[in-house]
Amino acid sequence: MKKALFILLLFVTVKLFSQQIEQNNQQLQQQPQQNSMYNNDMNYYGNKAAKFRKMKIKGIVMGSIGGGMLASGIFFLTNGLSDKASRANSSNQPLIPSYTPKIVGGTILTVVGGLMVTGGVLRAIIGATKEKKMVMSNHQLSLFVAPTAFRIAYTF
């Protein structure tokens, strides 16, 4: 009895919705199509998600390069400072000692590497959160009722 009632209800629903769908299709064919990014939300959100994905990847690369620069800068800085400390009591000093370029280069690499790590991490975090937001706003569950069947579509 329950199956028969369900089939009858399904049959009536399909008949009612098929007439509604035909009317909607006729109205859509009569309306002029406008090409705007605001009419196609899925394309808009997809493009934005791709943009923020690139931002996230560039942030990861920037942070990785900055981490290498930071590590090498700390190495050169400590190496130059240890050379300076070992030669502090020496009386024969050239005009530019060998540890000076290490200290200057190490300081520059440390500062630039630290800025790149900070910027890369922030860029990766912002890109990841905005990419997730755009991807989640792009997911839509829609129900299509055809004259012969139902179709549930999950589009993204």
Discussion item. For region 81-102, give me the residue count where each residue is loosely packed, with under 13 Cβ neighbours inside 10 Å and in contact with a Gly (Cβ under 9 Å, 6 or more places away or on another chain).
Written reply: 2
Worksheet item: Which ones in region 48-82 are touching a residue at least 60 places away in the same chain (Cβ under 8 Å) and among the aromatic types (Phe, Trp, Tyr)?
Response: 52
Worksheet entry | Condition check for residue 105: surrounded by 14 or more Cβ atoms within 10 Å (Cβ to Cβ), modelled with pLDDT under 95 and closer than 23 Å to residue 59 by Cα | no
Item to complete: Provide a single number: the residues in region 74-120 that are in a helix (DSSP H, G or I) and more than 30 Å from residue 53 (Cα to Cα).
Response: 23
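The values are calculated or read from the model by the stated rules, or taken from the named source; none is laboratory data. Treat the numbers as computed from the prediction; the structure is a model and nothing was measured. Every residue, glycine as well, gets a Cβ built from its backbone with ideal geometry; the counts of neighbours run over all protein chains shown.
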